[in-house]
1. Answer with yes or no whether residue 234 is surrounded by fewer than 22 Cβ atoms within 10 Å (Cβ to Cβ) and in contact with a Leu (Cβ under 8 Å, 6 or more places away or on another chain).
2. Restricting the search to region 408-452, which residues are over 23 Å from residue 333 (Cβ atoms), out of contact with any Lys or Arg (no Cβ under 7 Å at 6 or more places or on another chain) and of a type in the set (Val, Ile, Thr)?
3. Name the single residue, out of those in region 461-496 being outside any strand (DSSP E or B) and at pLDDT 65 or above, that is nearest to residue 229 (Cα to Cα).
4. Any residue that is of a type in the set (Phe, Trp, Tyr), out of contact with any strand residue (DSSP E or B) (no Cβ under 9 Å at 6 or more places or on another chain) and not assigned by the TED database to the domain that holds residue 92 - is there at least one of those in region 170-189?
5. Only residues in region 301-325 that are closer than 28 Å to residue 381 by Cβ and open to solvent by less than 90 Å² (accessible area, probe 1.4 Å) count as the first member; pair them with residues that are assigned to a helix (DSSP H, G or I) and aliphatic (A, V, I, L, M), Cβ under 6 angstrom, at least 6 apart or cross-chain, and list the lot.
6. Identify, please: which residue in region 346-379 is under 30 Å from residue 422 (Cβ atoms) and part of a loop (DSSP other than H, G, I, E, B) and is, among those, modelled with the highest pLDDT?
7. Hey, does region 394-413 have a residue that's of a type in the set (D, E, K, R), under 23 Å from residue 283 (Cβ atoms), open to solvent by less than 10 Å² (accessible area, probe 1.4 Å) and in contact with a Cys (Cβ under 8 Å, 6 or more places away or on another chain)?
Amino acid sequence: MEQLPGGRRPRLVSSLGLGQRSWEVTLDEERGRLAWRDPRPPRRGGENCFVPTSEIIAVEETEFNKKQRNIGKWQKMAKPHAFTVYYVKKARNHRWRCSDVTFWCVDEHLCNQWIQALKELLETQKSRPKQLLVYINPYGGRRQGKRIYEQKVAPLFSLASISTDVVITEHANHAKDNLFEVNINKYDGVVCVGGDGMFSEVMHGLIGRMQKDSGIDQNNPKAPLVQCNIRIGIIPAGSTDCICYSTVGIIDPVTSALHIIVGDCQPLDVSSVHHNNTFLKYSVSLLGYGFYGDILKDSEKKRWMGPMRYDYSGFKTFLSHHYYEGTISFQPARHTLGSPRDKDSCRTGCYICKKSEQQLAEQHKECGLKHEEDEEEWKVIKGKFLAINAVNMSCACPRSPKGLSPAAHLADGSADLILVRKCSRFDFLRYLVRHTNQDDQFDFSFVDVYRVKSFQFTSKLSEDNESNVTDIGKKRFGQFCRDHPACCCNNANSSWNCDGETLDSSAIEVRVHCQLMKLFARGIEENCRGEAAYSQSSVEQLL
């Protein structure tokens with residue numbers, strides 16, 4: 001063990017066997033990495049490898065098999081002692097895999113010293129879960145949730161010495177109801193195996209349990225909600241896995257499992273949806289009225305079609321070209337540094353999220369939540385809309401890599417409100433196509449986007465009975481949109497698409513709660529190209 005000057009933590013340096021060669025192996029706690037270097041003159045760019053200690057999964061003592069031990073000079077040596085380090089190996093497109101490297105030496109004491117040092121290092125990773133509560137939806141997506149967990153996820157949890165209590169859900173809201181009954185404090189996190197609907201169920205259970213234990217009335221739309229410190233892990237196994245894609249960058253069960261194992265933590269904004277002082281739902285991705293609400297409502301009647309139902313209902317809804325008349329009233333999110341039109345995407349360690357959260361906390365400290373809401377001006381837009389979308393994240397997916405709002409942030413205490421006013425069918429198609437390419441999807445005269453911290457909506461049919469929003473708008477701002485050239489007025493109400501679930505209320509109040517939830521994720525990493533633990537000549541070829 002080498003002592004470093006200045007009181008820095010020591011590092012372990014040894015000459016260990018890797019394959020059939022001797023390598024210089026260093027465990028540097030100060031720099032937070034395990035590195036191994038070929039001491040011979042570099043060839044073809046050199047062979048220096050490292051892995052961050054935060055991404056080491058496990059270390060185990062290893063038995064060399066007979067085939068390895070009978071190679072050449074090993075026949076004349078004492079029995080070699082070996083240990084294997086399992087670590088995260090990053091590939092392209094944000095994909096993670098569990099890889100391993102085996103070191104050996106003839107000194108049993110030295111081998112044990114390395115195993116002990118690495119295990120003690122893993123024990124210092126306090127953010128890592130040791131016990132998890134797992135909910136598996138066996139019916140979601142292609143009914144592969146149970147198989148995915150047992151074959152791809154459970155072995156990794158076992159390798160990382162994570163104990164689990166597994167619940168196979170039997171009906172809708174099984175996980176949500178169960179979370180109100182279990183001793184939640186004995187778990188370091190909750191894992192949901194399924195799609196966005198399964199995540200929503202677990203989220204509602206956790207948030208509801210936290211508010212109940214804290215004596216918070218969820219029916220009060222202005223109540224400051226208590227943050228949930230128990231993280232949620234998402235193992236994607238559904239028809240849609242938008243939340244996983246927008247927070248990890250890929251829909252892959254192994255990648256998500258490894259994020260859980262290393263104890264990543266990503267705060268997440270949550271929007272609460274109320275109607276007449278009655279709590280309806282929480283939303284973390286899309287809250288859509290009009291086009292996306294109609295697609296969901298129609299697709300629910302065709303669940304027998306599987307994931308294809310979304311394509312069919314989307315095409316049918318596009319052809320119908322329904323628009324809806326109503327009034328939107330919103331409070332701009334003045335605390336956030338970003339804008340929906342900028343190019344600053346939310347990434348790992350996002351500066352905008354951190355600063356926005358600090359500024360929002362300062363505003364609340366100075367003014368108080370109620371005073372602030374009373375004093376800030378509301379902007380009102382009244383008109384005919386093909387779609388009204390509010391997103392707390394980009395809502396990216398494989399078909400739409402940029403999402404509905406590419407610059408939306410996961411944890412800045414705001415939502416992006418996107419208003420698509422009545423236009424021609426051709427113009428609306430142009431707007432939809434831009435979701436799939438790199439062009440600016442907000443660069444249309446009939447599309448407006450605002451970064452907001454709360455908003456209210458009332459359909460025209462509800463304004464006579466529920467006129468609160470209209471009254472607020474007339475008193476405070478009174479901004480109205482231009483109507484498109486006349487055509488037949490559509491008098492039907494749409495439904496809200498709330499993270500893939502239908503809400504039929506035509507008058508709602510929405511508020512964004514900054515960083516209410518935490519995920520086992522780290523946001524989407526920049527240029528994730530396999531930074532850890534391999535060189536130009538693959539280590540695996542040396543084993």
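The values are calculated or read from the model by the stated rules, or taken from the named source; none is laboratory data. None of these values were measured; they are calculated from a predicted model. Here the Cβ is made from the backbone with ideal geometry for all residues, glycine too, and neighbour counts use every protein chain on show. Heavy atoms of the whole protein, side chains included, go into the accessibility calculation; ligands, DNA and RNA do not. Shrake-Rupley method; radii C 1.70, N 1.55, O 1.52, S 1.80 Å.
1. It is false that residue 234 is surrounded by fewer than 22 Cβ atoms within 10 Å (Cβ to Cβ) and in contact with a Leu (Cβ under 8 Å, 6 or more places away or on another chain).
2. Hit for region 408-452 is 433, nothing else.
3. Per the stated criteria, the residue is 495.
4. yes
5. These pairs meet every condition: 313/295; 314/295; 317/295.
6. Out of the qualifying residues, it is 378.
7. yes
Listed here are the residues, each with its yes/no results for (1) at pLDDT 95 or above; (2) of a type in the set (Lys, Arg); (3) farther than 26 Å from residue 509 by Cα; (4) touching a Phe, Trp or Tyr at 6+ places or on another chain (Cβ under 7 Å).
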{"position": "166", "(1), (2), (3), (4)": "yes, no, yes, no"}
{"position": "206", "(1), (2), (3), (4)": "yes, no, no, no"}
{"position": "210", "(1), (2), (3), (4)": "yes, no, no, no"}
{"position": "234", "(1), (2), (3), (4)": "yes, no, yes, yes"}
{"position": "237", "(1), (2), (3), (4)": "no, no, yes, no"}
